[in-house]
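Below is one structure; the comments refer to it alone.
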Amino acid sequence: MIQNQWYAILPSKAVKTNQIVGVKRLNLDLAIFRNDKGEVGCVVDQCTHRGAALSKGKVERECIKCPFHGLEFNEKGQCVFIPANGKVSEADLSRYNVKNYTVRENNGIIYLWYGDLDKITDEPPFFNMDVDASYVYSEIEDYWNSHYSRCIENQLDVVHLPFVHHNTIGRGNKTLVNGPKVEFVPGGIVTSANNELDIGQTPKSASECLINDTYLSFLFPNVWMNHISEKIKVVIYFAPVDDENTVLYIRFYCKLTGIKPLDGFVAYFGRFANKIIERQDKRVVITQKPKASSYKSQEKLLSGDGPIIQYRRIRNELKNR
Ligand code: FES
Ligand SMILES: [Fe+2]
């Protein structure tokens, strides 16, 4: 994992008021809960007393209460009550504290800060300039037996389009890959496909290519957008589960008509299109070996893999920082 980043890990709607969800993210077993003020907390899903999963407990008095012997922890993970010691006990409870993680919500996504607390940045990465409240979106999720780096690279891969998606978004047998051009933006990269039917021409170099109106945008560590048009976008956040698994949350954003119920209707159908395309990708990506990609790998990359090379390079830089 890259340190000192906000990772998009879960949709906000997955954690209801006064409920706890147990999930594995970033190789950590986490109990994520929402108190009745609507605030989200996140602690390690293992009680310090005798190891029970806190996610099987409940939320009470804005605290998470262990199902086994009732120890209570606040959103900072501080132990605030041990029923067996009695209400009048004034003993120091700090040795029972559980580790907590800082979480924040943005655009209906729960982000977890992975790194040093004194390095926290204000704004979790998202495409705030591209999608706002004027859009309606639908969301699907799917579980891939792949490292999140492979899932992200797949979304930056323009070479695979005519093969994996030969009957959908890659129709037309455009196997010849021009460029693609890669541009660097704060926190990420932008690229677009310039593929053509091969009629014997030489592929253009990246510097001869432009970024099209339909383009791909990626922000570290794990959010991606396909800017299909001004009014239609697809956003994916790739929640890392562990070294071999990822949950993809795929959103279809629409403001085609500007009338919310109608746009909602389009977004509803958009999720089926997303699912068809995502399943085409998944079928192949989960077979990649090794499970995680790396900057210095044995793979023999093509010039069309430029966006993937840049992703690996920046990721490597951020990891070594
Ligand atoms: S294991 Fe949690 S209170 Fe005992
Ligand atoms: Fe694909």
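Rank 257, 168 by accessible area, highest first, at a 1.4 Å probe radius?
From most exposed to least exposed: 257, 168.
Let me have the relative contact order for the stretch 92-229, percent, based on Cα pairs under 8 Å that are six or more residues apart.
17 percent
Only Cα pairs within less than 10 Å get springs; with that Gaussian network setup on the chain, which residue of 81, 33, 73 has the largest fluctuation?
81
In percent, what relative contact order does the chain have, based on Cα pairs under 8 Å that are 6 or more apart in sequence?
Here the relative contact order equals 18 percent.
Can you check what the net charge comes to around residue 168, using other residues whose Cβ is under 14 Å from the Cβ of residue 168 (Lys, Arg +1; Asp, Glu -1)?
That works out to +4.
Cα-Cα over 25 Å: which of 13/275; 24/99; 13/291; 37/275?
13/291; 37/275
Under a cut-off of 12 Å between alpha-carbon atoms, report the aspartates and glutamates in cross-link reach of residue 65, not counting same-chain residues fewer than 8 places apart.
45, 75
For the chain, what's the radius of gyration and Dmax over Cα atoms, in angstrom?
22.2, 85
Which length gain, in nm to one decimal place, applies between residue 80 and residue 213 when the Cα-Cα distance is subtracted from 0.36 nm times their residue separation?
Here the segment from residue 80 to residue 213 would lengthen by 42.4 nm.
Sum up the charges of everything whose Cβ sits under 10 Å from the Cβ of residue 257, counting Lys and Arg as +1 and Asp and Glu as -1, but leave residue 257 out.
Counting the neighbours of residue 257, the net charge comes to +2.
Of the residues 20, 169, 228, which exhibits the maximal mean-square fluctuation in a Gaussian network model of the chain defined by a 10 Å Cα contact cut-off?
169
If you stretched the chain out fully between residue 19 and residue 286, how much longer would it get, using 0.36 nm times the residue separation minus the C-alpha to C-alpha distance?
Taking residue 19 through residue 286 to full extension adds about 92.9 nm, to one decimal.
What number, in percent, do you get for the relative contact order of the stretch 5-119 if the mean sequence gap of Cα pairs under 8 Å and at least 6 apart is divided by its residue count?
26 percent
At 7 Å along the Cα-to-beta-carbon direction for both residue 120 and residue 166, put a label point, then send me their distance in nm to one decimal.
In this crude label model, residue 120 to residue 166 measures out at 5.1 nm.
Ignoring any ligand, DNA or RNA, what whole percent of the accessible area of the stretch 112-184 comes from carbon and sulfur when the probe is 1.4 angstrom?
The computed percentage sits at 50.
The values are calculated or read from the model by the stated rules, or taken from the named source; none is laboratory data. The model shown is predicted, which means the values in this text are computed figures rather than measured ones. Cβ: placed from backbone, ideal geometry, glycine included. Neighbour counts: every protein chain shown. These accessible areas exclude ligands, DNA and RNA; they are computed on the full protein's heavy atoms, side chains included. Shrake-Rupley method; radii C 1.70, N 1.55, O 1.52, S 1.80 Å.
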